[in-house]
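In what follows, a single structure is set out as structure tokens and then discussed.
The values are calculated or read from the model by the stated rules, or taken from the named source; none is laboratory data. These numbers were taken from a predicted model, which means no experiment stands behind them. Quick reminder, even Gly has a Cβ in these numbers, built from the backbone with ideal geometry, and neighbours come from all protein chains shown.
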């Protein structure tokens, strides 16, 4: 089960993060309002709490406009599932996307999931790109596209994967690997059905 949580728990956290609704803001120091644009700036950062989900965003610098966006630097998203950090993030209410740079996730069960960039789309599809790493199962990849409703992850480009006695590698730019999660287990296959490849591969170009 731990191996499944490695990818699925962060996805649950991403999904929560992409739906800030009524939130409470606590600045660390001053809060500045540009009356012309309606944009609030917290130059010393602060905390934004989603009272419905319990998700807490802490950051050293925050800008936001109610009903439109939240931008943060040196950010940490905290939930009961674990802590998710990013060097910077931008949440857009329309079209409901969460974009992150310098992505890392940790919890009691999970260590070592990271990527240079992340993008969660309103379809609950997550794109991780740039030095994607996880420690269990071991994965190194350039790009991973995760379909959270279907519990599938498509790895694109050169990769290395190891889980128990299974080791798979792809050394070419057009290499592919499909990871499927079911009943507490991970299945990996280099034979990706055309339907899945055609459905998920275009998402990689969104980031």
For region 96-198, please list each of the strands (runs of 3 or more DSSP E) lying entirely inside it that holds at least 1 residues being at pLDDT below 95, touching a strand residue (DSSP E or B) at 6+ places or on another chain (Cβ under 7 Å) and more than 27 Å from residue 75 (Cα to Cα).
-> 152-163, 166-170, 176-182, 185-189
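Each row is one residue, and each column tells you yes or no for (1) touching a strand residue (DSSP E or B) at 6+ places or on another chain (Cβ under 7 Å); (2) at pLDDT 85 or above.
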site: 12; (1), (2): no, no
site: 18; (1), (2): yes, no
site: 23; (1), (2): yes, no
site: 27; (1), (2): yes, yes
site: 36; (1), (2): no, yes
site: 39; (1), (2): yes, yes
site: 42; (1), (2): yes, yes
site: 52; (1), (2): no, no
site: 55; (1), (2): yes, no
Within region 163-207, the residues that are in contact with a helix residue (DSSP H, G or I) (Cβ under 7 Å, 6 or more places away or on another chain) and surrounded by 16 or more Cβ atoms within 10 Å (Cβ to Cβ) are 163, 176, 178, 181, 186
How about region 134-156: which of its residues are crowded, with 18+ Cβ neighbours inside 10 Å, in contact with a helix residue (DSSP H, G or I) (Cβ under 9 Å, 6 or more places away or on another chain) and within 20 Å of residue 195 (Cβ to Cβ)?
-> 143, 144, 145, 146, 147, 148, 152, 153, 154, 156
